[in-house]
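The values are calculated or read from the model by the stated rules, or taken from the named source; none is laboratory data. These numbers were taken from a predicted model, which means no experiment stands behind them. Positions of Cβ are backbone-derived with ideal geometry, glycine not excepted, and every protein chain shown enters the neighbour counts. Remember, those area values only see protein heavy atoms, side chains included, never the ligands or the DNA or RNA. Shrake-Rupley method; radii C 1.70, N 1.55, O 1.52, S 1.80 Å.
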Amino acid sequence: MNLKTLLFQSKNHLDFWDLLEQNGGRLLFEEYVALYLKATLPGDTYWLGEDVVPAHIAQIHNFANILKGMRSIGADVVNINNGRAVAYESKWFDKKETIRFAPVSNKLQVIRKTGIDQLIFTTNARRASDQVIEFADEAGFMFQEEWITKEVYDTVKAYIKGQVK
């Protein structure tokens, strides 16, 4: 099932979340996050799995490796606003309450090897592990409680219908 089908077949935001979990979550969640960020963030937002980042922006922010298929050292979504680049990395976990240090630590090189100013993890986890809190203070997080809301659900549905901010 695709994201659009899940959104429009669901009765409400909680029903959608259940359908998302039942249908493998991972890529659907990444798309859900990307569409929400596109609908709400100022500036230009690029879902690196789908969108083409203009060459001049890629050069300014040193995205060469990210855009050559090396997303393992990159992120899923990048927002460019007022010359600042913020990256978003989606992490879906099946039956886990916390995001552990391993998936966070290897992504922190995004900040070190590009012109990205900040890296924010968007996740269905409910919290970060103690090790993440201790050793990854430069990473930001948007946990499940932010994604499961009616506001996000309604925003993504409206964006899909109209494709406008």
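Annotations for the structure displayed:
- Selection count where residues are open to solvent by 30 Å² or more (accessible area, probe 1.4 Å), in contact with a Lys or Arg (Cβ under 8 Å, 6 or more places away or on another chain), part of a helix (DSSP H, G or I) and not charged (D, E, K, R), scope the stretch 22-59: 1
Okay, residues lined up against (1) at pLDDT below 85; (2) within 20 Å of Val156 (Cα to Cα); (3) β-branched (Val, Ile, Thr):
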| site | (1), (2), (3) |
| --- | --- |
| Arg26 | yes, yes, no |
| Glu30 | no, yes, no |
| Gly43 | no, yes, no |
| Arg71 | yes, no, no |
| Glu97 | no, no, no |
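- Annotation: of all residues in the stretch 111-132 being exposed (fewer than 14 other Cβ atoms within 10 Å of the Cβ) and assigned to a helix (DSSP H, G or I), the one that is modelled with the lowest pLDDT is Arg112.
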